[in-house]
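Trainee: Before we start, here is the structure in question, set down as C-alpha cells.
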Amino acid sequence: MLNLIYHLRAVLIIMNALIVNLNLSVDKTALVPSFDKGRILRLEDTITLPGGKGVNVARALRSLGLESPIAGFASGYNGRWIADSLEKEGFRAFIQRHSQGESRVCYTIVDSGGLTTNLNEEGPAVPAAAQESFLKKFSALASRFRTAAVCGRVPAGLKKGFYSSLVKLAAARGCFTVFDTSGPALAEALSAGAEGIKINRYEFEELSRGAFSPSRVADFFKKRSGAGLKTLIVTDGAGPAYAASPFGLWRVGPPRLARLKNAVGAGDSFMAGFLFGFLNGYDFGRTLKLAAGAAASDCLSLGAGFINRGQALSYARKARVEKIG
C-alpha cells in the first residue's frame, strides 16, 4: 500500500508543469478613480504580491486545480520578501538567490474604466555563478515534469545561450517547453527547438519581422515546425487569438464581457488554461476554449492571475473557437 502511495505521488509530480519565472518581482496593483498626470494620488485599494508572468500563471493554474512549482532568480531584501511570500501562499518555489542588487518592483495603476498604466523596473543583472547554479537546478528538475513553461521578462545579464540551454536540458529529459517571452531570448529558444510559444501580436511581429495576420501566423508556424515547434499561439487583447499546430490553424474569439476591471494578467491566465488542457489531455479546440475562458475571468479581477474556476469554465463555453485552416 505504501509503495502505491509513493507511485501515485510520483505520477502527480510528473503530471505537473514547472513554471520558470526568471525575473521575479514585487507586484503592486492600485485602483484609482482616474489617473491624471501631475497630481498626487491617494492609493486606497492596493494589492502587493510576489509576481511576474510565471507567478500569475501558477496562480491561475491553482484556481483551475493544478499545483505548479515556480523557479527563478531573486535578490536582496525584495528577493527575501518574494521567497517568503510565495511560501506563505503555499507555492513550492526553487529560488536561486544572488546578491546583485534588489529584485524589481512593478506597479500597475488601474482606473475605474479598466485602463491600466504599468511602471515596471528591469531588475538587477544576474551574476554568472547564479546562472550556472540555476541551470544545474533546472537540469535536475526537468525530468520530474511533463512541461516547463518559461514566462516573463528576461533578466538583465543573462549570457547568450541561457534560453537555448533551458530548451536542450528539458528536451533531454522528455520535458515539453513552452515560452511566453520576447526579443532575442525568444528567438534563441525557438532556434534551439522550443516546442510551444504563446505571445501577443506585438511580440509576434518582432519575432517574425512582419505584420500580424492569420496567414502570417500559419506561414511562420509551417516554416518552424520542422525545427521542433508544435504549437504557436498569438493573442491580440480583446481581438481573436490564432493558434497554429499540426492540427491546423484555429481562430479563438474571446467571450464578450459586460465589464472590465483589469486586463493585466489575462494573457498569463490564457497560458494557464492552455497548460491545464494540455496536461489533462483535452483536444486542441477544448484546450483553446478553456484558455480563452480563463483569460476572460482574469479580466474581472484587480490582481493578475486571479481567476474563478466556475467563471472560467462558463466563459470557456462561450468562447468561439473554429478551425480555419
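Trainee: Would you point out the residue of the stretch 90-124, among those that are surrounded by fewer than 16 Cβ atoms within 10 Å (Cβ to Cβ) and basic (Lys, Arg), that is farthest from Lys53 (Cα to Cα)?
Mentor: Arg97
Trainee: What are the residues in the stretch 71-114 that are under 23 Å from Lys137 (Cα atoms) and out of contact with any strand residue (DSSP E or B) (no Cβ under 8 Å at 6 or more places or on another chain), if any?
Mentor: Scanning the stretch 71-114 gives Gly76, Tyr77, Asp84, Lys88, Gly90.
Trainee: Looking at Ala130, is it more than 19 Å from the chain's Cα centre (by Cα) and modelled with pLDDT of 95 or more?
Mentor: yes
Trainee: Here's something else I'd like to know. Return the only residue of Ser63, Ser68 being polar (S, T, N, Q) and either in contact with a strand residue (DSSP E or B) (Cβ under 7 Å, 6 or more places away or on another chain) or crowded, with 24+ Cβ neighbours inside 10 Å (or both).
Mentor: Details: Ser63 fails: either in contact with a strand residue (DSSP E or B) (Cβ under 7 Å, 6 or more places away or on another chain) or crowded, with 24+ Cβ neighbours inside 10 Å (or both).
From the options Ser63, Ser68, the qualifying one is Ser68.
Trainee: When you go through (1) aliphatic (A, V, I, L, M); (2) assigned to a loop (DSSP other than H, G, I, E, B); (3) at pLDDT 95 or above; (4) over 30 Å from Ala30 (Cβ atoms) one by one for Ala227, which number turns out not to apply?
Mentor: So Ala227 meets the others, but not (3).
Trainee: Which is in contact with a Phe, Trp or Tyr (Cβ under 9 Å, 6 or more places away or on another chain), touching a residue at least 24 places away in the same chain (Cβ under 8 Å), closer than 21 Å to Leu158 by Cα and assigned to a helix (DSSP H, G or I), of Val20, Val55, Val126?
Mentor: None of the others qualify; the one that does is Val55.
Trainee: Related question: Checking Cys299 against (1) touching a helix residue (DSSP H, G or I) at 6+ places or on another chain (Cβ under 9 Å); (2) over 22 Å from Pro33 (Cα atoms); (3) not polar (S, T, N, Q), which single condition isn't satisfied?
Mentor: The single condition Cys299 does not satisfy is (2).
Trainee: If you don't mind, there's one more thing I want to ask. On the basis of being over 28 Å from Gly226 (Cα atoms), among the hydroxyl-bearing types (Ser, Thr, Tyr) and modelled with pLDDT under 95, does Ser297 make the cut?
Mentor: Numbers: over 28 Å from Gly226 (Cα atoms): yes; among the hydroxyl-bearing types (Ser, Thr, Tyr): yes; modelled with pLDDT under 95: no.
Criteria not met by Ser297.
Trainee: Here's a follow-up. Out of all the residues in the stretch 210-238, which are over 21 Å from the mean Cα position of the chain (by Cα) and of a type in the set (A, V, I, L, M)?
Mentor: Within the stretch 210-238, Ala211, Ala218, Ala227 meet the criteria.
Trainee: Which residue is modelled with the lowest pLDDT, if the candidates are limited to the stretch 38-53 and must be of a type outside the set (A, V, I, L, M, F, W, C) and closer than 27 Å to Gly90 by Cβ?
Mentor: This residue is Asp45.
Trainee: One residue is enough: does the stretch 150-161 have a residue meeting the conditions closer than 26 Å to Ser301 by Cα, modelled with pLDDT of 95 or more and outside any loop (DSSP other than H, G, I, E, B)?
Mentor: Yes, the stretch 150-161 has at least one match.
The values are calculated or read from the model by the stated rules, or taken from the named source; none is laboratory data. All values reported here derive from a predicted model rather than from experimental measurement. Cβ: placed from backbone, ideal geometry, glycine included. Neighbour counts: every protein chain shown.
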